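Here the structure is laid out as structure tokens; the discussion comes afterwards.
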Amino acid sequence: MNIPFYVAPEQVMKDRADYARKGVARGRGLVAIRFADGIAIVAENPSETLRKVSEIYDRIAFAGVGRYNEYDQLRVAGIRAADLKGFQYSRDDVDARTLANQFAQILGNIFTHEMKPMEVEILIAEVGADPARDQMFHITFDGTVIDQRDTAVIGGDADPVAERLGAGWSEGMDLAAAVRLGVSALAGDRQLAVGELEVAQLARGNGRRCFRRLDDTAVAEILA
């Protein structure tokens, strides 16, 4: 009879966390910035077809970094959960906090019980009727939920990007200023072309569906 090889639970969790953290860090970064009329999301993404940022529901956006196939599974699950709740109850009952908790449970269960954790970090953003009700939730690969207020960073070299965001953010900035801040925070000492960016916004003035993606022409005009 072979004696099973023993590994301390603390070491198993540490190895899983290191593995997932390295996978997320290899991905290109993404930032979200609260501005006067909503929330702007800027991602470094050279692909024209694979999107990091998308609409989940009327006032809610989803953003992910890491392995595309893994965070896209979470995106689809979030859309189904939001649609089901909105159909069973009311569209107003669908909120970012509930979705963030559901994503956290999924990621936490996978991190704890599966051999390989998901190599993803996701962001759920919701625009409210007024700026005080805007919400952003950063969910890590192990299911930890972090409530963000004015700015959020996921993926890439997060700490320097967060420092640049914090230094440049101010209350009441408009969409153009928020996008320029997001691009400069992601770029650092580099120069990012318009074709390397994916930009979207959640705006209070967009009607019932607040999500809108900015095309390259609009982004170029903002950065000009």
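Just so it is clear, none of the values below were taken in a lab; they were calculated from the coordinates. The shown structure was predicted, so the numbers you read here are calculated from the model rather than taken from an experiment. Ideal geometry is used to build each Cβ from the backbone, glycine not excepted, and the neighbour counts take in all protein chains shown.
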ask   = Over all pairs of distinct alpha carbons, what does the Kirkwood formula give as the hydrodynamic radius of region 26-223, in Å?
value = 16.7
query = Exposure proxy check: 163, 55 ranked by fewest other beta carbons within 10 Å?
reply = 163, 55
remark   = Note: residue 218 to residue 113 extended length (0.36 nm per residue) minus current alpha-carbon separation gives 33.3 nm
remark   = For region 10-74, whose charge dipole is built from +1 on Lys and Arg Cβ atoms and -1 on Asp and Glu Cβ atoms, the candidate among 36, 66, 17 with its Cα farthest towards the positive end is 17
query = Cα axis of helix 96-113 to longest principal axis of the chain: angle in degrees, 0 to 90, nearest 10?
reply = 30
note = In terms of the charge dipole of the chain, which places +1 on Lys and Arg and -1 on Asp and Glu at the beta carbon, the residue among 99, 139, 177 farthest towards the positive end is 99
note = With R₀ set to 35 angstrom, the calculated FRET efficiency between the beta-carbons of residue 184 and residue 209, to the nearest 0.05, is 0.75
note = Here the Kirkwood hydrodynamic radius of region 123-181, Cα-based and in Å, equals 12.7
message = Tell me the angle of helix 9-26 to the major Cα principal axis of the chain, expressed in degrees between 0 and 90 and rounded to the nearest ten.
response = 30
note = Here the alpha-carbon Rg of region 70-157 over 2.2 N^0.38 Å rounds to 1.12
remark   = Over the chain, the sum of -39500 (n - 2.57) across DSSP H runs of at least four, divided by residue number and rounded to 500 deg cm²/dmol, gives at 222 nm -13000 deg cm²/dmol
task = Hey, could you get me the Stokes-Einstein D for region 1-105, Kirkwood radius over alpha-carbon pairs, 25 °C and 0.890 mPa s, rounded to whole µm² s⁻¹?
result = 149
task = For helix 68-88, report the angle its Cα long axis makes with the longest principal axis of the Cα atoms of the chain; keep it between 0 and 90° and round to the nearest 10°.
result = 70
key: Qualifying aspartates and glutamates (Cα of each under 18 Å from Cα of residue 85; at least 8 residues distant if same chain)   = 55, 58, 93, 95, 126
remark   = Any chymotrypsin sites (Phe, Trp or Tyr not before Pro) in region 82-125 that lie in a DSSP loop and have at most 15 other Cβ atoms within 10 Å would be 89
